[in-house]
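No lab work stands behind these numbers, since they all come straight from the coordinates. It should be emphasised that the depicted structure is a prediction, and the values quoted were computed from it without experimental measurement. A quick note on method: Cβ atoms are made from the backbone with ideal geometry, for glycine too, and the neighbour counts reach across all protein chains shown.
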Amino acid sequence: MNINTKQISFNLAMKKYHEKKRYGYIYLLVSFLNVGMQFYLLSVLFTLNFQWHLFLVIFLLAYFLTDFINGYIHLYMDNNHNYEGIMGPFVASFHLHHRHPTYANFSLPRIYFNESGAKFWLVLFLLLTIVLSFTQINSYLLMTLIFIGILSSVAEVSHFLCHNGKSSTVLFLQNIGILLSMKHHRKHHEEDNQSYAFLNGMSDFFLDKIAKRFYDGYQNYSDLHAKAYVGEDTRNRG
Ligand SMILES: [Zn+2]
Ligand SMILES: [Zn+2]
């Protein structure tokens, strides 16, 4: 399909996004579900028996897996051009993150809550983790799933801080590789089809290979589709 046709369906999807209140309500509902389930799973975490050295190993493993899973979903979304149908307005609004990479400055808990609302897959992931917590699942496996479930929202805050954070503590955490640094993330915004990870970027080595092999990138596709859009930026939703 040519670029003009895609730009028209992009604009139609965004029009729907702004006219129909349900899209905002769905984000709100998804935020409540994700954050609510994360709180519940955090309480489950405190009931688990574990050895500290294994706890640290599991945390590091989960950190890598979170970076990879969320980076892959970002890769998939940046390469998704389907603006029709029920998910179309969500896909279109997601693409605006390349045009306006700076967020409105809200408090970190509010960013955590707001950005959790776009993570539809996380609702299923957390629900499955809760169901598994009632079974005889290995406690270290359960711990890994709980960490991934919570760190996936932390990744959104890390990406926010990468664009908006200026405090010395944030810069220190970025410099030592715990959070995503602008130096690492800049390539995603300035170049094409790379550096999709956004917890700290440690899995980009693998994601870049997958992107290069299987995906076309965004600069000649979704970025162009979004280019003709002149309406409100969804990234700053309060
Ligand atoms: Zn992107
Ligand atoms: Zn960014």
Does Asn82 fit the bill of being free of Cβ contacts under 8 Å to residues at least 60 places away in the same chain, in a loop (DSSP other than H, G, I, E, B), within 16 Å of ligand 2 (Cβ to nearest atom) and not aliphatic (A, V, I, L, M)? no
Report yes if Tyr83 is aromatic (Phe, Trp, Tyr) and surrounded by 22 or more Cβ atoms within 10 Å (Cβ to Cβ), otherwise no. yes
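Could you name every one of the helices (runs of 4 or more DSSP H) located completely within region 124-212 that has at least 3 residues being within 16 Å of ligand 2 (Cβ to nearest atom) and surrounded by 20 or more Cβ atoms within 10 Å (Cβ to Cβ)?
Counting at least 3 such residues, we get 139-164.
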Looking at (1) touching a Leu at 6+ places or on another chain (Cβ under 9 Å); (2) free of Cβ contacts under 8 Å to residues at least 40 places away in the same chain; (3) surrounded by fewer than 16 Cβ atoms within 10 Å (Cβ to Cβ), which is the only condition Gln51 fails? (1)
Might you let me know whether region 215-224 holds any residue that is hydrophobic (A, V, I, L, M, F, W, C) and outside any helix (DSSP H, G or I)? no
Can you find, within region 179-231, the residue that is farthest from ligand 1 (Cβ to nearest atom) among those that are closer than 22 Å to Asn82 by Cβ and among the acidic types (Asp, Glu)? Asp216
The one condition in (1) of a type in the set (Phe, Trp, Tyr); (2) within 16 Å of ligand 1 (Cβ to nearest atom); (3) buried (at least 19 other Cβ atoms within 10 Å of the Cβ) that Tyr72 fails to fulfil: (3)
Can you work out which of the residues in region 85-107 that are within 14 Å of the chain's Cα centre (by Cα) and outside any loop (DSSP other than H, G, I, E, B) is farthest from ligand 1 (Cβ to nearest atom)? Phe90
Only one of (1) closer than 13 Å to Gln38 by Cα; (2) surrounded by fewer than 20 Cβ atoms within 10 Å (Cβ to Cβ); (3) of a type in the set (A, V, I, L, M, F, W, C) fails for Leu108. Which number is that? (1)
List, please: which pairs have Cβ atoms under 7 Å, are six or more places apart or on different chains, and start with a residue in region 185-200 that is aliphatic (A, V, I, L, M) and end with one that is within 11 Å of ligand 1 (Cβ to nearest atom) and not in a loop (DSSP other than H, G, I, E, B)? Ala197/Gly71
Long-range neighbours under 9 Å by Cβ, at least six apart or interchain, first residue touching a residue at least 24 places away in the same chain (Cβ under 8 Å) within region 5-18, second surrounded by 15 or more Cβ atoms within 10 Å (Cβ to Cβ) and polar (S, T, N, Q): Lys6/Ser222; Phe10/Ser222; Ala13/Ser93; Met14/Ser93; Met14/Thr234; Tyr17/Ser93; Tyr17/Thr234; His18/Thr234
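Any residue at all in region 68-75 that's closer than 21 Å to Phe198 by Cβ, touching a residue at least 24 places away in the same chain (Cβ under 8 Å) and in a loop (DSSP other than H, G, I, E, B)?
No - not one qualifying residue is present in region 68-75.
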